[in-house]
């Protein structure tokens with residue numbers, strides 16, 4: 001775990017990770033105040049603004065990646081190159097329309113576009129967003145309904161005692177959840193509520209607890225350099 | 001002196017967090033103790049097998065035999081989530097395997113910052129395996145930030161490029177079942193790992209192996225095959241024992257009519 | 001040649017998808033009345049709004065995107081409820097589309113309700129005076145900051161009006177004055193963010209969550225805690241069923257369309273049970289009847 005100034009590319013990220021890890025953990029519990037300055041407030045508000053700014057700028061690199069991949073696919077006429085061409089055209093079109101006709105184009109905190117530009121582009125933006133993007137999103141979401149049935153059909157086989165218990169409790173919860181069943185037999189609702197409130201909550205609490213402690217221990221490992229791969233992007 | 005303001009330094013304990021802070025310090029000490037103990041005597045710590053972890057190499061081997069790529073996604077959350085960091089640690093291992101076995105890897109990212117870290121990890125993994133010339137930046141892709149646009153992009157990858165092994169590590173939302181079920185349709189072997197309790201049932205139903213909750217954090221250490229990292233698992237378990245002890249004592253106290261544990265924990 | 005039970009065990013999923021399509025379409029095309037039992041989670045959520053004293057401030061947080069089929073009906077029913085009661089309303093969203101969805105509901109909803117200043121008087125609620133859409137809370141800094149003061153953290157509301165010109169903001173300059181926060185949460189960021197940043201500062205502030213079906217079990221530990229007066233939720237509206245129950249409690253059947261959709265939901269629940277049983281039947285017949293493994 002040697003840190004050396006000569007190996008600054010490795011050392012600086014590790015040192016920053018340590019300092020900020022300890023600092024943010026510390027400020028959550030202890031506030032240091034000098035006059036009007038409050039360390040906790042500064043770290044939770046002003047510093048977050050800097051992070052948000054860096055984060056927003058970094059999206060440009062993601063966009064470059066998208067363009068690079070689809071440009072190659074288009075120029076080399078790989079399979080389905082037509083869709084890559086669509087992506088290459090539509091991303092800049094939507095970006096320009098969003099900047100000049102989107103909801104924040106007239107927000108005085110940002111760059112304000114002339115009102116006539118916004119008024120002429122806003123209907124196009126609304127159409128593209130609500131009639132295309134939003135609907136496609138809903139279509140993808142609705143695929144879940146189909147997938148749940150096919151996954152349930154395939155996966156819920158009573159192969160052993162564990163899966164038999166899972167199958168029976170699953171069927172009881174499904175029957176209890178179907179609204180009509182309350183009028184068929186109110187017992188379905190009672191059984192479902194018990195299954196959801198008792199074994200389900202107990203199991204979830206167990207997983208939540210384990211995951212939270214695992215996260216805490218992992219965080220300690222990252223801060224104290226036992227786990228360096230995320231900080232150094234894979235380098236040791 | 002005229003015009004000079006003297007400020008007083010105040011150190012204030014933030015209310016409602018003192019007990020949390022003490023517990024954090026204790027768990028931190030337990031973690032460091034466990035890691036140091038494992039460094040000195042790793043053979044003293046017995047570890048149960050997690051089938052999903054053994055399946056990693058098997059899955060990549062299968063992809064190699066079939067001549068089809070490996071698909072990996074580090075989840076939907078950003079770099080601020082420890083689940084994503086753990087998924088990135090596991091990516092390092094999977095990328096080294098793919099480099100070693102000469103099988104292409106496709107890493108799909110929803111978050112543009114995670115994409116950059118993932119690219120660095122895969123590149124370094126290929127470098128470490130001596131296969132730097134085989135690294136192609138197109139292996140690591142930023143798909144989209146919208147949840148279902150990302151899912152659609154991944155489904156497109158599945159049906160066009162037909163990966164033989166799919167790894168879903170990290171935090172997921174509603175798209176988890178879409179990914180897993182579509183992966184099943186193309187005949188891929190699937191290994192998932194998530195702390196999201198809402199999506200675990202879908203992964204358990206549709207995937208071949210699942211890392212549940214803390215197993216994801218442990219896997220990052222396990223896959224490195226570093227003997228002292230069993231200390232990580234010991235740290236988890238010691239922390240859990242402490243938490244369970246507090247819960248048990250608190251439950252007994254409350255049943256007996258005393259709120260002392262509640263009062264201490266709410267300080 | 002495969003036997004009939006082997007075919008039963010391995011039905012082509014496309015037939016299943018077709019069945020799902022038919023089973024959902026028929027009840028939507030032919031709507032029938034549906035009996036509905038009210039769950040305690042929805043009743044508690046309803047009571048949390050119903051029992052608020054006149055003049056209280058309620059914050060509705062729209063944390064979903066698109067016309068989410070589970071959360072949007074919930075949001076319609078709850079917004080109608082808070083508009084009808086003598087309450088003041090702030091609308092916020094931790095998802096960028098959230099306030100847009102709120103706007104879409106506000107445009108069409110019945111705005112008649114009781115005056116917060118004179119609870120016996122029926123009026124038409126006005127934007128700016130009784131309800132303000134503060135818009136998207138893009139950053140954690142903003143979420144934390146608006147708790148203390150809105151005017152120092154924001155300059156315009158969702159519609160571009162100057163925040164200082166809105167009478168409601170002059171009256172309640174900060175979320176800290178709110179008695180109840182209701183979050184319609186599709187995922188993250190979601191209500192846990194409010195518990196982390198707002199509930200820890202004001203233990204008297206109550207929280208209700210409107211949740212999709214899959215996320216609901218995850219909120220249950222917090223609901224149990226909320227019932228005991230700890231930091232948590234005092235009510236959970238679960239999925240479209242919760243919206244239908246809320247609509248029923250409100251007495252405005254047909255407001256959200258959730259009740260009609262429930263028949264389709266029930267039908268597909270039954271289909272799931274049927275296909276699971278068929279799959280297991282095929283499996284057991286093959287294993288024990290056909291001499292298979």
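Annotations
- Length-normalised contact order for the range C:150-288 - Cα pairs under 8 Å, 6+ apart - percent: 14
- Candidates A:210, A:187, A:35, ranked by Gaussian network fluctuation over chain A, Cα under 10 Å, top entry: A:35
- Cβ-based exposure ranking for A:50, C:17, in which fewest neighbours within 10 Å come first: A:50, C:17
- Oblate is the label for the range A:1-77, because the ratio a/c of its alpha-carbon gyration tensor axes (a ≥ b ≥ c) is 1.5 or higher and a/b is not greater than b/c.
- Cα shape, the range A:89-236, gyration tensor, a/c 1.5 rule: oblate
- Computed over Cα pairs, the Kirkwood radius of the range A:1-137 leads via Stokes-Einstein (1.567 mPa s, 4 °C) to a diffusion coefficient of 66 µm² per second.
- Contact order relative to length of the range A:157-219, as percent, for alpha carbon pairs under 8 angstrom and 6 or more apart: 21
- Max mean-square fluctuation residue, GNM over chain C, Cα-Cα springs under 10 Å, options C:280, C:161, C:202: C:280
- Relative packing of peptides C:227-233, A:216-222 - highest average C-beta neighbours within 10 Å first: A:216-222, C:227-233
- Peptide C:245-257 has a mean of 0 when you count, residue by residue, the C-beta atoms of other protein chains within 10 Å of its C-beta.
- Kirkwood Rh, Cα atoms: Rg over Rh of the range C:115-212: 0.98
- Sequence-distant contacts, meaning Cα pairs under 8 Å at least 6 residues apart, place the relative contact order of the range A:79-155 at 22 percent.
- Centre separation in Å (Cα based) which lies between the range C:243-293 and the range C:1-55: 6
- All Cα-Cα separations within the range B:51-222 were binned at 5 Å from zero, giving a P(r) of 1, 10, 21, 25, 24, 14, 4, 1, 0, each value a whole percent of the pairs.
- To the nearest ten degrees, helix B:175-185 and the longest principal axis of the Cα atoms of chain B are 30 degrees apart.
- Cα-Cα pairs of chain C separated by more than 26 Å (percent): 49
- The range B:71-172 - Rg (one decimal) and Dmax (whole number), Cα, Å: 12.6, 37
- Where only C-alpha atoms are counted, convex hull volume of the range A:79-155 per residue in Å³: 134
- Between the range A:73-133 and the range B:164-193, the C-alpha centres lie 31 angstrom from each other.
- Shape category assigned to the protein assembly as shown from the gyration tensor of Cα positions, a/c cut at 1.5: rounded
- Shielding score for A:30-42, defined as the mean number of other chain Cβ atoms within 10 Å: 3
- Fluctuation leader among B:107, B:230, B:25 - chain B, Gaussian network, Cα springs under 10 angstrom: B:25
- In whole angstrom, the range A:157-219 maps to an equivalent ellipsoid with semi-axes of 30, 16, 8, each derived as √(5λ) from the alpha carbon gyration tensor and ordered largest first.
- The simple spin-label model puts a point 7 Å past each Cα toward its Cβ; for residue C:274 and residue B:17 those points are separated by 5.6 nm.
- Averaged over the residues of C:53-65, the number of partner chain Cβ atoms lying within 10 Å of the residue Cβ comes to 1.
- A simple packing score, the average count of other Cβ atoms within 10 Å per residue, orders the peptides A:170-179, B:133-142 as A:170-179, B:133-142, with the highest score first.
- Each DSSP beta bridge with both residues in the protein assembly as shown is either parallel or antiparallel, and the antiparallel ones are about 20%.
No lab work stands behind these numbers, since they all come straight from the coordinates. For clarity, every value in this text was computed on a predicted model and none was experimentally measured. Please note: Cβ atoms are built from the backbone with ideal geometry, for glycine as well, and neighbour counts cover all protein chains shown.
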